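Data block below; observations after.
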Amino acid sequence: MSKKRPWAFWRRVQYGTGFLLFSSMVSGLVYLGFFYSPGNCFDGVMNRYETGVDCGGGCVRICAAEVIPPRITWAESFEIVPGQYNAVAYVENANQIASTPELSYTFELLDGNEVIATREGKTILPPDSVYPIFEGRIFTTGSRKVTSTRLTLRAADMWIPASAGREQFMTSNIILTGADEKPRLEAKLENTAVSDAGQIEVVATLFNDQGEPVTASQTFVDALTARTSKNIVFTWPNPLTKTVRSCIIPTDVAVAIDLSGSMNNDGSTPPQPVTDALAAAKLFVQNLKKGDQASIVTFATSAYTNVQLTGSHDTTAATVGALSINPVEETGYTNTGAALVMAQNELNSERHNKDARRVVVILTDGMPTAKGDTTNVVAQAKMAAEQLTADAIEVYAIGLGKGVNLDFIKEIASSEETAFYAPTTADLDSIYSTITSSLCESGTTRIDVIAKTKTNFAPLR
């Protein structure tokens, strides 16, 4: 019987263990080289200290559960030309650093409860402020008018930090010109950051004194280097003078006053109602703003331009105060149509300020009259009023006296809102005051010019 050798057994154990270790190491290297993929922020698995799948922890992406959802503050549509609208909305991102490079949305333009146009799009949403979403050239079918606008936001797929927010851009030197012809809004855009910016979308929105948006436009800047500025321009195809009631837009107004014989039928000394009517018109002219212009047109059997458009309100008011009825007109007529045509000619003359809205304020105590059949002169007056409206000139008509034909006053006015009835001259001051307020809002109109860029998002890793 042979003697056992313990050292041989342990040698075999050592050889076996070494072989197993070597095999494990080789297998591990093969696995690491060909099969192993370390946890990362793009593998669809929650790992690497992530707080959600591929977000939070060591990942650049911010988990949606940690983000305050965007909030729509308002959405509106503005008719640019018949059947064509610009849609604008303000969206608030209350997150301090979280932003999204792709926010999908849908605009719906409604007539009552019926959707008559839709537009889908994608935009960026920088952090910590309110930003506009703009879609232009949205067309509706036929003559349908948009009565409301609805914006729907879809949940963003990605939230990441942004290096800058709304404070990166500053705007100054905002000037609106050509409001009654070819509106043009100019501004200076400054990049205050230490980094360059590109693909910059800029939206300008005009608000009235009640804080309601009234129109908007959009422009783009390809690049703006750090700490530099650039002049930018926004345009509109049609005048803004009928939609923007701000005092930033002056007024050219033709004041037409009836001086026919019936305007002194109340008798008295001085004659009435003409004396009080002239006093009210004089006060109206004196209350016009700096930058406004006024013209005076009087009419009876014929029409006359007593004062051409001028900004010298005191001189114009003095002329109004000195007007009187020509005794010949005691047996004359009332040529309202001629007065409207003369007012239109003056408002379209070389004296018209292209930055100003055009308005006619006409006061009369009766229907147009002429020798013989008056049907033709009534039709002429209505046609003249229609031509004024077609020319984007707004007509405010005041009917004076209890016997005035209110239907005629409404027909020559641009709308029911611009037709007024003054039973007595005591009502004229308040009516003229209402017209003054309508032309120029008492509060300050706000113009927002807001820029956002695609170049501030943190790179994914």
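The values are calculated or read from the model by the stated rules, or taken from the named source; none is laboratory data. In this text the structure is predicted, and so the values were computed from the model without any measurement. Every residue, glycine as well, gets a Cβ built from its backbone with ideal geometry; the counts of neighbours run over all protein chains shown. Surface accessibility is based on the protein's heavy atoms, side chains included, excluding ligands, DNA and RNA. Shrake-Rupley method; radii C 1.70, N 1.55, O 1.52, S 1.80 Å.
Annotations for the structure displayed:
- Helix axis angle, 336-347 relative to the chain longest principal axis, alpha carbon, degrees: 50 degrees
- Residues of the chain: accessible area per residue with a 1.4 Å probe, Å²: 51 Å²
- Potential extension, residue 312-residue 115 segment - 0.36 nm per residue separation minus Cα distance: 65.9 nm
- 222 nm mean residue ellipticity, helices alone, for the chain (DSSP H n ≥ 4; -39,500 (n - 2.57); rounded to 500): -7000 deg cm²/dmol
- Radius, Kirkwood style, for the chain when every pair of distinct Cα atoms is counted (Å): 27.4 Å
- Spatially proximal lysines relative to residue 382 (Cα-Cα < 18 Å; intrachain offsets below 8 disregarded): 410
- Restricting region 397-457 to trypsin sites (Lys or Arg not before Pro) that sit in a DSSP loop and have at most 15 other Cβ atoms within 10 Å of their own Cβ leaves 402, 446, 454.
- Of the residues 69, 116, 99, the one whose Cα sits farthest toward the positive end of the charge dipole of region 66-118, with +1 on the Cβ of Lys and Arg and -1 on the Cβ of Asp and Glu, is 99.
- 3J(HN,Hα) couplings calculated from phi for region 316-327 with the Karplus curve 6.51 cos²θ - 1.76 cosθ + 1.60 (θ = phi - 60°) are, in sequence order, 5, 4, 5, 5, 4, x, 9, 6, 7, 7, 5, x Hz; Gly and Pro show x.
- Debye-sum result for region 158-207 in log10 I(q)/I(0), which assumes one identical scatterer on each alpha carbon, at q = 0.12, 0.13, 0.26 Å⁻¹: -0.39, -0.45, -1.13
- Amide H partners (placed H, <5 Å) of residue 365, local residues excluded: 400
- Mean Cβ neighbour count within 10 Å, used as a protection proxy, ranking 418-427, 92-101, 266-275, 392-401 highest first: 392-401, 92-101, 418-427, 266-275
- Those aspartates and glutamates that a straight Cα-Cα span of less than 16 Å connects to residue 371, excepting residues fewer than 8 apart in one chain: 329, 330
- Greater than 32 Å apart at Cα, pairs in 145/289; 145/402; 122/354; 122/182; 145/182; 182/290: 145/289; 145/402; 122/354
- One way to sum up the overall shape of region 309-461 is the equivalent ellipsoid from its Cα gyration tensor, whose semi-axes run 42, 18, 17 Å, largest first.
- Using only side-chain charges placed at the Cβ, +1 for Lys and Arg and -1 for Asp and Glu, the dipole size of the chain relative to its Cα centre rounds to 3780 debye.
- Rounded, prolate or oblate (a/c below 1.5 giving rounded, otherwise prolate when a/b exceeds b/c) for region 305-345 by Cα gyration tensor: oblate
- Normalising the average separation of contacting C-alpha pairs (under 8 angstrom, six or more residues apart) by the number of residues puts the relative contact order of the chain at 14 percent.
- Across region 116-121, coupling constants 3J(HN,Hα) worked out from phi with the 6.51/-1.76/1.60 Karplus curve, θ = phi - 60°, read 10, 6, 9, 8, 9, x Hz, and Gly and Pro carry x.
- Counting DSSP beta bridges with both ends in the chain, the antiparallel % (nearest 5): 75 percent
- Accessible surface of the chain, 1.4 Å probe, proportion on carbon and sulfur as whole %: 53 percent
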